Amino acid sequence: MKNKYKITLRVLFWGLTLALMVIIFAHSAQVAEVSSATSASSTAKVLSVVYPSFNDFEAARQDSIISSLQHLVRKSAHFTVYLALGVTSFSALCTYDLKRKTKAISALSLCVAYAVSDELHQLFVPGRAGRIGDVLLDSCGAVCGILLVIGVIALYKKKHNGGLV
């Protein structure tokens, strides 16, 4: 990989990694009521797009549906944001001349450490709690993100006989 291109990718992927960390921190800093309202609002918006007649339901029925989906939405957000963190951090590390195993372990370590720090952070936010289960879910998301990049690179290498890993 050419040096200028490598540096551009490195800056891009580390920038995206940092941006995701800031987003995670900001959401974790929300008190319980605000966090719940945010996920309820997001759920309502998705339901309105996926199931347009959702908007025609009575408010009580809408609230009931949103409430029943709240846990799934919140846990899916954990998994998805850490999947993205796994993708960006591993991609950033792919711009360095390291062994693939070292890159993967380093990216996963970064993601797990951030997940732990995120849950510890939530212990100090009113109405929030740090959960080991969330660290495990976040870690699974990060592993999937890393494996996704490894798979994409392997497919690219197979097709073009070259690549980053």
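All of the numbers you see were taken from the coordinates with simple rules; none came from a lab. Given the structure is predicted, the values throughout are model-derived calculations rather than measurements. When we count neighbours, we look across all protein chains shown, and the Cβ atoms used for this are built from the backbone with ideal geometry, even at glycine.
For the range 58-137, applying the loop criterion from DSSP together with a ceiling of 15 other beta carbons within 10 Å to the chymotrypsin sites (Phe, Trp or Tyr not before Pro) yields Tyr96, Phe124. Compared with the dominant principal axis of the Cα atoms in the chain, helix 100-122 is inclined by about 30°. To the nearest 10 degrees, how steep is helix 32-50 against the longest Cα principal axis of the chain, on a 0 to 90 scale? So the helix axis and the longest Cα principal axis differ by about 80 degrees. Counting only alpha carbon atoms, the long axis of helix 3-28 and the longest principal axis of the chain meet at about 20°.
For the range 63-144, trypsin sites (Lys or Arg not before Pro) meeting the loop criterion (DSSP other than H, G, I, E, B) and having at most 11 other Cβ atoms within 10 Å: Lys99.
For the chain, what is the mean residue ellipticity at 222 nm derived from helices alone (per DSSP H run of n ≥ 4: -39500 (n - 2.57); sum divided by total residues; nearest 500 deg cm²/dmol)?
Details: 5 runs with 132 residues, N = 165.
Theoretical 222 nm ellipticity from helices: -28500 deg cm²/dmol.
The fewest-to-most ranking of Thr17, Thr38 by surrounding Cβ atoms within 10 Å reads Thr38, Thr17. For the pair His71 and Tyr5, label points projected 7 Å from Cα toward Cβ lie 4.9 nm apart. Using a Gaussian network model of the chain in which every pair of alpha carbons under 10 angstrom is joined by a spring, one finds that among Gly15, Gly151, Gly141 the greatest mean-square fluctuation is at Gly151. If you bin all the Cα-Cα distances of the range 3-160 at 5 Å, starting from zero, the percentages per bin are 2, 9, 15, 18, 15, 13, 11, 8, 5, 2, 1, 0. Per-residue extension of 0.36 nm, minus the Cα-Cα distance of Tyr96 and Glu33, leaves a gain of 18.4 nm for this segment.
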